[in-house]
Amino acid sequence: DVRSLSPMPIPSTADPANKAALSPHKHCNDSSLPPTTTAVFAGAAIMSTHPRDYPAVDSVVTKLRESSYGIHPWFLHEVLNDDNDGDARGEGDDGWLVDLRQRLIDHPDSIVGEIGLDGARWREVEEDDDDDRTGGDTKIWERKRMLSCPMDDQKRAFEQQLLLAAELQRPASIHVVRAWGDLLDSLDNVRDTMQRRHTSKGKAAQDCGCTEDEKPALRRHKKKEAKQRLLLPPKIYFHAFSGKAGVIPSILAACEKAHITRDNIFFGFAPAIPNFYSAKTPSIMKHIGIRQLVLETDLEDASNSWYDLKRGVEGLALALDMNVCEVAEQTHENAERLYFGYSGEAER
């Protein structure tokens with residue numbers, strides 16, 4: 001299926017939802033956008049979860065706004081199995097990654113997503129025939145299971161895609177479920193890899209033939225440049241945030257080390273996801289703050305998005321004790337910052 005950023009509505013005074021943010025996540029298939037969609041919405045950024053989504057994303061984006069390409073952890077095992085029996089284990093270039101890079105280059109306004117880590121997506125493991133627990137009476141909690149894709153493979157693919165987003169300076173939409181420690185490890189790994197790349201380039205630049213008198217000024221310039229250089233994607237958005245409030249400072253700190261400021265980190269919530277209604281969610285929303293929150297729909301059918309945008313605005317307003325119009329306007333502004341407030345220029 002195709003995951004899409006849900007629509008950025010055309011402003012109107014008739015309904016608070018008309019001012020709502022570009023809700024950064026919803027599902028749709030290539031036929032779920034009715035002919036009137038562009039009359040209702042100013043635009044949408046359509047998100048992929050698997051290479052098979054790319055043609056549908058391309059076809060919809062011609063009518064709407066922004067495309068997103070990436071491999072979702074739920075479908076990563078399929079991609080790796082199809083890619084020469086798992087070249088993503090570190091041997092040579094991975095075909096899916098080469099394809100992803102080229103699509104991002106061919107679509108300079110596109111972002112990387114949806115990518116991420118999932119520690120709760122399981123599949124059952126077939127038991128041996130001689131296992132006495134394989135009878136029809138086996139209880140569901142007695143059945144063997146494993147992650148649909150091993151976490152080591154998830155982290156490797158996630159870091160490859162995150163590096164691509166950092167290199168090409170594209171925002172990244174990230175899915176994380178019960179893998180926050182692994183996420184923080186990956187953020188550190190990508191930051192360190194980008195730093196090593198820049199250090200290597202800097203050393204090469206020092207051998208550019210400049211005179212001894214010019215070298216101190218060059219070193220000062222390089223030092224200043226290093227403090228400003230982004231070592232992670234310029235904008236990072238956590239879709240359907242399911243972490244506890246306690247993990248947020250760690251996320252922000254990891255991003256700050258990579259020179260990504262708090263204003264460029266976003267957290268999404270969608271009425272279609274059960275945790276939107278959790279008793280703990282309002283306090284988490286307050287901890288994040290309105291400037292880093294974006295609304296989502298996360299639905300298959302775009303025709304159903306409007307009602308969920310309204311529910312999202314109302315739920316967020318209740319949690320933050322704000323006026324619905326204020327919430328709609330601020331989340332709209334947040335989404336504009338997230339998707340359109342970046343250079344899109346590749347690192348050099």
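Quick notes on this one:
- Residues located in the range 245-285, provided they are part of a loop (DSSP other than H, G, I, E, B) and open to solvent by 10 Å² or more (accessible area, probe 1.4 Å): His259, Thr261, Ala272, Ile273, Ser278, Ala279, Lys280
- Test: residue in the range 289-297 that is assigned to a loop (DSSP other than H, G, I, E, B) and open to solvent by 50 Å² or more (accessible area, probe 1.4 Å): no
- Where a residue in the range 43-58 is under 16 Å from Gln102 (Cβ atoms) and its partner, wherever it lies, is modelled with pLDDT of 90 or more and part of a loop (DSSP other than H, G, I, E, B), with Cβ under 6 Å and at least six apart: Ser48/Gly70
- Residue list for the range 290-319, restricted to those being hydrophobic (A, V, I, L, M, F, W, C), modelled with pLDDT of 90 or more, in contact with a helix residue (DSSP H, G or I) (Cβ under 7 Å, 6 or more places away or on another chain) and farther than 24 Å from Lys235 by Cα: Ala317, Ala319
- Within the range 73-106, being surrounded by 14 or more Cβ atoms within 10 Å (Cβ to Cβ) and at pLDDT below 90 holds for Asp82, Asp83, Gly86, Asp87, Ala88, Asp94.
- For the range 119-195, the strands (runs of 3 or more DSSP E) that sit wholly inside it and include 3 or more residues that are surrounded by 13 or more Cβ atoms within 10 Å (Cβ to Cβ) and at pLDDT 95 or above are 172-177.
- Selection count where residues are farther than 14 Å from Ala328 by Cβ, in contact (Cβ under 8 Å) with a residue 24 or more places away in the chain and either open to solvent by 10 Å² or more (accessible area, probe 1.4 Å) or polar (S, T, N, Q) (or both), scope the range 298-312: 6
- The one condition in (1) assigned to a loop (DSSP other than H, G, I, E, B); (2) modelled with pLDDT under 85; (3) of a type outside the set (Gly, Ala, Ser); (4) in contact with a Ser or Thr (Cβ under 8 Å, 6 or more places away or on another chain) that Asp109 fails to fulfil: (2)
The values are calculated or read from the model by the stated rules, or taken from the named source; none is laboratory data. Worth saying up front: this structure is predicted, and the values here are computed from it rather than measured. Because the Cβ atoms are built from the backbone with ideal geometry, glycine has one as well, and the counts that use them run over all protein chains shown. Note: accessible area is taken over every heavy atom of the protein model, side chains too, but ligands, DNA and RNA are not part of it. Shrake-Rupley method; radii C 1.70, N 1.55, O 1.52, S 1.80 Å.
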